[in-house]
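Chemist: First, the structure itself, so that you have it in front of you.
The values are calculated or read from the model by the stated rules, or taken from the named source; none is laboratory data. On a predicted model such as this, the values are computed, not experimentally measured, just so you know. FYI the Cβ positions are ideal-geometry reconstructions off the backbone, even for glycines, and counts take in every protein chain you see. Please note that ligands, DNA and RNA were not included when accessible areas were found on the heavy atoms of the full protein model with its side chains. Shrake-Rupley method; radii C 1.70, N 1.55, O 1.52, S 1.80 Å.
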Amino acid sequence: MKSIIGKLNDGGPVFTYTIMLLLLVIIVLIVRAFIQKDFSSRSRGIVASLGWFALAWGYLGRTFGLIMAFDNIAASGEITPAHMAGGLKMALVGPLCGITAFLVARLGILLLQLKAKKEDFEKA
C-alpha cells in the first residue's frame, strides 16, 4: 500500500488523487446504476463525461510534469538522470491514472449498454 501511495505522490498529488477520486465516483455510479436498474443514456453519459475528464486531467498532469522536468534542468544548467527522472515520473503517472479511470468508465458503460439491450430484448 505504501508503494501505491508513493507512486501517486510521485505523479503529483493534485492530479493523481483527483483522478483516484473520480475513479471512485465512476465505480459508485456504475454500481448504483446496476442496483437501481437505471440503464438510461443519462447514467451512461455522466460516467462517460467523468471518464473523459479523468483522462484529460491525467494528460494535463503530464504536461506539468514535463514543464517541471525542463525547469529543473534549466535551473541546474545540466541534465542529470535524477533531474530528468523526477519530472518524467510525474509525467507518466498522471496519464496512467487517467487512462485507468477512463478504461473503467468505458467498461462500465459497455456493461450498462449490454444490460439495457438485454432488457429491451426481453421486453419485446
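Chemist: Here is a check on your reading of the model: is LEU21 under 24 Å from GLY87 (Cα atoms) and of a type in the set (A, V, I, L, M)? Talk me through it step by step, then tell me what you get.
Modeler: Details: under 24 Å from GLY87 (Cα atoms): yes; of a type in the set (A, V, I, L, M): yes.
For LEU21, the condition - under 24 Å from GLY87 (Cα atoms) and of a type in the set (A, V, I, L, M) - is met.
Chemist: Taking region 21-45, which residues are open to solvent by 50 Å² or more (accessible area, probe 1.4 Å) and out of contact with any Leu (no Cβ under 7 Å at 6 or more places or on another chain)?
Modeler: LEU21, LEU24, ILE27, VAL28, VAL31, ARG32, PHE34, ILE35, GLN36, LYS37, SER41, ARG42, listed by residue number.
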